[in-house]
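Remarks on the structure that follows.
The values are calculated or read from the model by the stated rules, or taken from the named source; none is laboratory data. Note that the coordinates shown come from a computational prediction; the quantities given were computed from them, not determined experimentally. No Cβ is skipped: glycine too gets one built from the backbone with ideal geometry, and neighbour counts run over all protein chains shown. What goes into the accessible areas is simple: the full protein's heavy atoms, side chains included, and nothing from ligands, DNA or RNA. Shrake-Rupley method; radii C 1.70, N 1.55, O 1.52, S 1.80 Å.
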Amino acid sequence: TRGGIYLVRDPRDVAISYHHFLDLPIDEIIDNMGSNTHCLARPDGTNVSIPTGTWSENVQSWTNPNSPFPTMVVRYEDLLADPTKYFRLMLEHISWPVDEKRLASAVAATNFDKLQKQEQFEGFSEHDTTDKTPFFRKGQAGQWKDVLTKTQVDRIENDHGEVMTRLG
């Protein structure tokens, strides 16, 4: 293994995204994110149930400094802000040669608007085709500020504040 790349997102935004993905109430999602018995599974049973633990436990399992291979942590928010920089850093982390033309092509191919259009016309294999809500819904950072209540924010920050602070 050349190395791992762990993409992490602000759990306040994860709650919103997960709410739309599973069509569950946000408060239930926040409960799940704070439960050490939580498993990632689609409610329709179309995939294997994967134990994840809490959001914090999952992050810590991937960012453990005693990992048998070097793991690079990339914040979703940073990747959104400067995809070329972070794609390059990820390639360098796994000692993959950086070809500027291919890098630019990869960044263009993963542009959120392009992914939304692609899903609209071709679907997306990770998403239930009977669900009319798109998988590539907004792709924004900081959405939690306009969506979550103060109580919901406080619950997430109380459950995961230590890890959130460590990751900046």
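Descriptive notes on the structure:
- Any hit, segment 45-62, residues being open to solvent by less than 30 Å² (accessible area, probe 1.4 Å), touching a residue at least 40 places away in the same chain (Cβ under 8 Å), more than 22 Å from ASN158 (Cβ to Cβ) and touching a Leu at 6+ places or on another chain (Cβ under 9 Å): no
- The residue pairs whose first member lies in segment 94-108 and is under 20 Å from MET72 (Cα atoms), whose second member is among the charged types (D, E, K, R), and whose beta carbons are closer than 7 Å, counting only pairs six or more residues apart or on different chains, are ILE94/ARG2; SER95/ARG2; VAL98/ARG88; VAL98/GLU92; LEU103/ARG88.
- Only listed residue being open to solvent by 50 Å² or more (accessible area, probe 1.4 Å), under 19 Å from ARG12 (Cβ atoms), among the charged types (D, E, K, R) and touching a helix residue (DSSP H, G or I) at 6+ places or on another chain (Cβ under 7 Å), chosen from ARG88, ARG75: ARG75
- If you go through segment 33-73 and keep only what is part of a strand (DSSP E or B) and modelled with pLDDT under 85, you end up with CYS39, LEU40, ILE50, PRO51.
- Per-region count, segment 1-35, residues acidic (Asp, Glu) and open to solvent by 70 Å² or more (accessible area, probe 1.4 Å): 4
- Filtered by the rule that a residue be within 12 Å of the chain's Cα centre (by Cα) and touching a residue at least 60 places away in the same chain (Cβ under 8 Å), segment 6-20 gives TYR6, LEU7, VAL8, ARG9, ASP10, PRO11, ARG12, ASP13, ALA15, ILE16, SER17.
- Any hit, segment 147-155, residues being at pLDDT 90 or above and touching a His at 6+ places or on another chain (Cβ under 6 Å): no
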